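**Q** Got a structure here, written out as C-alpha cells. Questions coming.
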Amino acid sequence: MMRSVGTLTRADLAETVNRKMGFSRTESLEMVESVLRNMTEALERGENVKISGFGTFVLRDKRERIGRNPKTGVEVPITPRRVMTFRASQILKERIAKGS
C-alpha cells in the first residue's frame, strides 16, 4: 500500500526559492504567489496551463448528463460544468516510476 509522505506547501516552495536563488523570504513568497496567481488567472480565462517537463492542467467543459444516485438508483441530472485535470509529462511519469 502506498502512503503519502507529506504535502508540499507554498511556504516550502518559497523556502526553496529563498535557499537556491538567494531572494529574501518575502521576495521568495511573492514570487511563488505570483506564479500561482498567473496560473489561476489563465485557468479562469479558460486557458490550459502547460509547464514543460512537468505537465499540463487541462480544462474540459462537460455537458449536462443524467447520473444515478448509487444508494437509491434514482436518476438525477448532473449540471454542465467545467472540470480541470492534470496530465503529467512523460518526463515526470518516468521520474515518478523510478522513485527519484
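**Q** Which one of PRO77, GLY53, ILE91 is farthest out on the positive end of the charge dipole of the chain, using unit charges on Cβ (Lys, Arg +1; Asp, Glu -1) and the Cα centre as origin?
**A** The residue sitting farthest along the positive end of the dipole is PRO77.
**Q** Who wins for biggest fluctuation among ARG25, ARG68, ARG87 in a Gaussian network model of the chain, springs between alpha carbons below 10 Å?
**A** Maximum fluctuation in the GNM of the chain, among the listed residues, is at ARG68.
**Q** So, in nm, how far is label LYS62 from label ILE96 when the simple model puts each one 7 Å beyond its Cα toward the Cβ?
**A** The modelled label-to-label distance comes out at 2.0 nm.
**Q** Among the lysines in the chain, how many pairs, 8 or more places apart or on different chains, have alpha carbons under 24 Å apart?
**A** Within the chain, the lysine pair count is 5.
**Q** Something else about it: Please tell me the relative contact order of the chain in percent, rounded to the nearest whole number, where contacts are Cα pairs under 8 Å and at least six residues apart.
**A** 19 percent
**Q** Also, I was wondering about something else. Kindly list the residues of region 49-72 that lie in the label zone of LEU8, defined by a backbone N under 11 Å from the point 7 Å along the Cα-to-C-beta vector.
**A** Only 54-55 fall inside the zone, counting backbone N under 11 Å.
**Q** Then there is this: For the pair SER89/SER24, report the inter-label distance in nm, with labels modelled 7 Å from Cα in the Cβ direction.
**A** 3.3 nm
**Q** Moving to a separate point now. Once a ≥ b ≥ c are taken as the square roots of the eigenvalues of the Cα gyration tensor of region 48-100, is the result rounded (a/c under 1.5), prolate (a/b larger than b/c) or oblate (a/b not larger than b/c)? Show your work: numbers first, answer last.
**A** Values: a/c = 6.91, a/b = 2.14, b/c = 3.23.
It is oblate, given that a/c is not under 1.5 and a/b is not larger than b/c.
**Q** Here are a few candidate values for Rg and Dmax of the Cα atoms in Å: (1) 14.9, 43; (2) 36.9, 121; (3) 19.0, 59. Which one was actually calculated from the structure I just gave you?
**A** Recomputing Rg and Dmax of the Cα atoms in Å here picks out (3).
**Q** Around ASN48, with a cut-off of 10 angstrom between Cβ atoms, what is the net charge of the other residues, counting Lys and Arg +1 and Asp and Glu -1?
**A** Net charge in that neighbourhood comes out at +2.
Read-outs throughout are calculated quantities, based only on the coordinates presented, and are distinct from any laboratory measurement. Everything numeric in this text was worked out from a predicted model, so none of it was measured. Neighbour counts run over all protein chains shown; Cβ positions are idealised from the backbone, glycine included.
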